[in-house]
Amino acid sequence: MNEHSDYNSSSKIAVSLRDFGYRYDDQVEPALHGLTLDIAVGEHVAIVGASGSGKSTLCQLLHGGLSRSGEGERTGELIVYGMDPDTADLATVATTVGVVLQDPDAQLVQGIVEDEIAFGPENLRVPPAEIAQRIAAALEAVGLAHERGSFVRRLSGGQRQRTAIAAVLALEAPLVVFDDAAAQLDPPAVCDFVLLCRRLHAAGRTVVTASGRIDDGARAAQRIIVLKGGTVQLQGPPETLLREHGAQLAALGLLPSSAERGDVPREPGAKPGSAADCAGQPLLEVKGLSFTYPGSQRAALKGVSLALAPGERVVLLGENGSGKTTLGKLLMGLLPAPKGCMWWEGQDMAKLPIHQLATGIGYVFQQPEHQFAAATVWEECLYSVRAKLGLRTGEPVPAAYVERAQRLLAAARLEHKLDASPYLLSGGEKRLLSVAAQFILPKKLYILDEPTAGTDYEGANILLRMCTEQSAEGAAFLVITHDMQVAESFASDVLCMEEGHLYKMENGEIYHTITVDKN
């Protein structure tokens, strides 16, 4: 029995903040300031804000992890279920607050899915029989019962996100916090996530979600709290905010704006043909590609064929675990390419070293911080230039590259954060930086894996405008995403993966498999 089980009156407060603030050590402006608000026990609240608004910082402070790390200074008062999460016993915090972070890999610590879910309850000395029940219930809640014995590292990004959610559910804490936990989920899984939040709320849990958009998860909440610049800008029931403040929410980047979508140019109805229809040799050809991870009994890819020509913008859709990221990693050389299946500018990719592929192909990971290598935003943007030219940090970079970096960071609206750590940027800012860093050395093909996941609408449009500029210079794009905004406003062709097979889509419907002749 949880020690907070008697703390269940709807008149009591689950979370109380009074003139609360937080400032990271290396930043002048506070991430949060002047926050005064209450969240009632059993309430379902959505915290919504654009990149850098402070929502992720607030989520991490609710369980004390950020403050205890010693990376910043807290002011004001924060009380969660009658305790201060900074000073309370860790076991008490763990049984009171469950937080799912933006990056699931940052909180996954075990090799097998069921071991990951059991990890928290085992450390809290929950009896084995009850742990078994919690594992089964958590797996069922997130639709991963069939992956119980799978290796976590072989799951898709969305499946890892669901594993992290299951691990938090197994703690059975009365307060559950989801920080952009649906960002990497496919549309069916997002619907399941919304239903999960509703079930938790109906069972008496206090549910807090955070997102960069007023999405389905936010609309399902009882109350939306809008953050801007680290403080509360608006709050109220979803229907009230949408009815009375729609224009303001769109201006904040939290709702789609038709004017913003118009900033991403695309010729209406543009549908490039296959590479064989384009003049000259295609950049990339894939024919009959199948791939199975070592030790797995199930093929991740089955007879995939694909052709990409210069300037082509292909968007790849598909449910979590369908094989999208596996295909992207094979095209980049991050997984060993089978011989005679993939060709880059006419050469068998199985025979090309990854450093050679990297000169022509740029790749942006699902979690951008996984490829950061420098201490500041400015140096991160110039990192590949220094590596190419053999320059050390501090040595002068040729003016042409400096000017290009300045333009890219201005386009990404990061010019005011040149000295900031890439790791301390907001989730959306990290994604924009990772794209800018790839564009600093022009490539012929860019593969972007979930580049707009967790971003607000304004951030997504900024990113797409940057991609459009590179496309106008002749670069091809393969964008792996669940974001239909990307498919509608950027794609020249839309493909879909389903259980390892690749299909072409027309008007939202799959209409044939893709075949490529290779003479």
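The values are calculated or read from the model by the stated rules, or taken from the named source; none is laboratory data. Note that the structure is a prediction, hence the values are computed from the model and not measured. Methodologically, a virtual Cβ is constructed for each residue, glycine included, from the backbone with ideal geometry; neighbour enumeration extends over all protein chains shown. What goes into the accessible areas is simple: the full protein's heavy atoms, side chains included, and nothing from ligands, DNA or RNA. Shrake-Rupley method; radii C 1.70, N 1.55, O 1.52, S 1.80 Å.
Think of each Lys and Arg Cβ as +1 and each Asp and Glu Cβ as -1; about the Cα centre, that makes the dipole of the stretch 413-465 roughly 240 debye.
Excluding Gln107 itself, calculate the net charge of residues whose Cβ lies under 12 Å from the Cβ of Gln107, where each Lys or Arg counts +1 and each Asp or Glu counts -1.
Values: positive: Arg160; negative: Asp103, Asp105, Glu116, Asp179.
Summing Lys/Arg as +1 and Asp/Glu as -1 gives -3.
Order 64-72, 418-426 from most to least packed using the mean count of other Cβ atoms within 10 Å.
Working: 64-72: 16.1, 418-426: 18.3.
Final packing ranking: 418-426, 64-72.
Considering only alpha-carbon pairs that sit under 8 angstrom and 6 or more positions apart, the relative contact order computed for the stretch 306-360 is 22 percent. For His201, the accessible surface of its heavy atoms amounts to roughly 50 Å² (probe 1.4 Å, protein chains only, rounded to the nearest 10). Oblate is the label for the stretch 428-504. Its Cα gyration tensor axes, ordered a ≥ b ≥ c, give a/c of at least 1.5 and b/c at or above a/b. Among rounded, prolate and oblate, which fits the stretch 360-510 when a ≥ b ≥ c are the square roots of the eigenvalues of its C-alpha gyration tensor, a/c under 1.5 means rounded, and a/b larger than b/c means prolate? Here the stretch 360-510 falls in the prolate category. Counting only aspartates and glutamates at least 8 places from Lys55 when in the same chain, those with an alpha carbon closer than 13 Å to its own are Asp179, Asp180, Asp456.
How large is the Kirkwood hydrodynamic radius of the stretch 451-495, in angstrom, based on all distinct alpha carbon pairs?
Values: mean 1/r = 0.0918 Å⁻¹.
Roughly 10.9 Å, rounded to one decimal.
Close amide H pairs (under 5 Å, H built 1.01 Å from N) link Ser156 with Gly321, residues at least 5 positions away or on another chain.
From the Cα gyration tensor of the stretch 197-237, with a ≥ b ≥ c the square roots of its eigenvalues, which class applies: rounded if a/c is under 1.5, or else prolate if a/b is larger than b/c, or else oblate? The partial results should precede the final answer.
Details: a/c = 2.37, a/b = 1.96, b/c = 1.21.
Here the stretch 197-237 falls in the prolate category.
Look at the dipole of the chain built from charges on Cβ: of Gln110, Met342, Leu234, the Cα furthest out on the positive end belongs to Met342. Both the radius of gyration and Dmax for the stretch 45-103 are 11.7, 33 Å, in that order, over alpha-carbon atoms.
Across the chain, Cα-Cα pairs farther apart than 37 Å form 31% of the total. Solvent exposure of the chain, expressed per residue, is 42 Å² of accessible area, with all protein chains present and a 1.4 angstrom probe. Note on Lys324: lysines with a C-alpha under 17 Å away, same-chain residues under 8 apart excluded, are Lys287, Lys302, Lys504. Shown for the chain: the carbon plus sulfur share of the solvent-accessible area, taken with all protein chains present and a 1.4 angstrom probe, equals 51%.
Of the GluC sites (Glu not before Pro) in the stretch 335-390, which ones lie in a loop per DSSP and count no more than 14 other C-beta atoms within 10 Å? The partial results should precede the final answer.
Values: sites: Glu345, Glu369, Glu379, Glu380; in loops: Glu345.
Taking the stretch 335-390 and a limit of 14 other Cβ atoms within 10 Å, the loop GluC sites (Glu not before Pro) found are Glu345.
Relative to the globular-protein estimate of 2.2 N^0.38 Å, the Cα radius of gyration of the stretch 1-159 stands at 1.16. For a straight C-alpha distance cut-off of 16 angstrom, the lysines reachable from Lys417 (same-chain residues fewer than eight places away being disregarded) are Lys430.
Relative contact order for the chain using alpha-carbon pairs under 8 Å, separation at least 6, rounded to a whole percent? Kindly include the intermediate steps, with their values, before the conclusion.
Numbers: 1046 pairs, mean separation 84.4, N = 519.
The value is 16 percent.
Using heavy atoms of the protein chains and a probe of 1.4 Å, the accessible area assigned to Thr359 is about 100 Å². When the alpha-carbon atoms of the stretch 274-377 are used, the pair Rg, Dmax equals 14.7, 45 angstrom.
From largest to smallest, the equivalent ellipsoid semi-axes obtained for the stretch 138-259 from the alpha-carbon gyration tensor read 29, 16, 12 Å.
Which value in deg cm²/dmol, rounded to the nearest 500, describes the helix-derived mean residue ellipticity at 222 nm for the chain, given -39,500 (n - 2.57) per DSSP H run of n ≥ 4 and division by the residue count? Taking each H run of at least 4 residues, the total per residue is -9500 deg cm²/dmol.
As a rough guide to protection, the peptides 134-145, 17-28 ranked by mean Cβ packing within 10 Å, highest first, stand as 134-145, 17-28.
Over all other residues within a Cβ to Cβ distance under 13 Å of Ala387, the charged ones net out to 0, with Lys and Arg as +1 and Asp and Glu as -1. Neighbours of Lys324 by Cβ distance under 11 Å: Lys/Arg scored +1, Asp/Glu scored -1, total -4. Rounded to the nearest Hz, the phi-derived 3J(HN,Hα) couplings of the stretch 14-20 under the Karplus curve 6.51 cos²θ - 1.76 cosθ + 1.60 (θ = phi - 60°) are 7, 10, 10, 10, 10, 6, 8, where x marks glycine and proline.
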